[in-house]
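The values are calculated or read from the model by the stated rules, or taken from the named source; none is laboratory data. Bear in mind that the values here come from a model prediction, so they are computed numbers and not experimental data. All Cβ positions, even for glycine, are placed from backbone atoms using ideal geometry, and neighbour counts span all protein chains on display.
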Amino acid sequence: MTAKRIVTVTLNPALDMTGAMGELKPGAVNLIQRSNLNPGGKGVNVAKVLAELGAEVSVTGFLGDDNQDPFAHLFEQKGIEDRFVRVHGASRINVKLVEETGRVTDLNFPGVEVSEQNIAALEETLLSLAENHDLFVIAGSLPGGLSPARLATGSPCSAKKVRKSFSTAAMQHSKQVLKLVLHW
């Protein structure tokens, strides 16, 4: 049996910064004891795991050109085909503050704002990827400029198996999104 080729679609990837600390004291200077910064976003995280399991994976979505290097390095290191549409600006940064008690505080910053031109470029990329990939995983939140309603409209394409995992706002239109991707 031929291995399945998989595409993960991450429309709003993030650099995930995690800091370990004692106790968070709002309004005061807080010292971080350990930290790390990793490329992420739900679809990027799925791609990493699939690649580590030996799958042939391609990634796409919108990636800010101001801070793309950590993503490009990860994709090269893991053997993941990078088909992200580069857009003006920086991909979002999510900060997780982990206290020694285990309590976690998330600070999620906004990401890039995508244009109709960016959306059209992504549609072309998806059409191209649909020619030689078997499964699409669409996961995560939406960037500025791409509403759930806009995501649910698009160009027809051949049917593919789709797995989806959206943020709450995007889930409101998930049936239309699934219908779109199945017809895309």
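Taking region 30-48 as the search range and keeping residues that are over 20 Å from R5 (Cα atoms), in contact (Cβ under 8 Å) with a residue 12 or more places away in the chain and not small (G, A, S), which one is surrounded by the most Cβ atoms within 10 Å (Cβ to Cβ)?
P39
R86 fails exactly one of the following numbered conditions: (1) assigned to a strand (DSSP E or B); (2) free of Cβ contacts under 8 Å to residues at least 12 places away in the same chain. What is the number of that condition?
(2)
Across region 86-97, what is the number of residues that are within 13 Å of G22 (Cβ to Cβ) and surrounded by fewer than 18 Cβ atoms within 10 Å (Cβ to Cβ)?
Result for region 86-97: 0.
Quick check: anything in region 91-99 hydroxyl-bearing (S, T, Y), assigned to a strand (DSSP E or B) and in contact with a Leu (Cβ under 7 Å, 6 or more places away or on another chain)?
Checked region 91-99: no residue is hydroxyl-bearing (S, T, Y), assigned to a strand (DSSP E or B) and in contact with a Leu (Cβ under 7 Å, 6 or more places away or on another chain).
Does region 4-22 hold any residues that are in a strand (DSSP E or B), hydrophobic (A, V, I, L, M, F, W, C) and within 14 Å of P143 (Cβ to Cβ), and which are they?
V9, A14
In region 49-69, is there at least one residue being touching a Leu at 6+ places or on another chain (Cβ under 6 Å), more than 26 Å from K4 (Cβ to Cβ), touching a residue at least 24 places away in the same chain (Cβ under 8 Å) and among the β-branched types (V, I, T)?
Looking through region 49-69, none of the residues is touching a Leu at 6+ places or on another chain (Cβ under 6 Å), more than 26 Å from K4 (Cβ to Cβ), touching a residue at least 24 places away in the same chain (Cβ under 8 Å) and among the β-branched types (V, I, T).
Here are the criteria: (1) under 28 Å from A149 (Cα atoms); (2) exposed (fewer than 15 other Cβ atoms within 10 Å of the Cβ); (3) small (G, A, S). Tell me which single one G27 does not satisfy.
Single failed check for G27: (1).
What number of residues within region 23-71 are more than 26 Å from L127 (Cα to Cα), part of a strand (DSSP E or B) and hydrophobic (A, V, I, L, M, F, W, C)?
Qualifying residue count, region 23-71: 1.
Go through region 1-32 and give me each residue that's out of contact with any Gly (no Cβ under 7 Å at 6 or more places or on another chain) and under 18 Å from G102 (Cα atoms).
Matches in region 1-32: M17, T18, G19, A20, M21, G22, E23, L24, K25, P26, N30, L31.
Out of V98, V87, V104, I need the residue that is under 21 Å from T8 (Cβ atoms) and either hydroxyl-bearing (S, T, Y) or at pLDDT 95 or above (or both). Which one?
Within the list V98, V87, V104, the selection yields V87.
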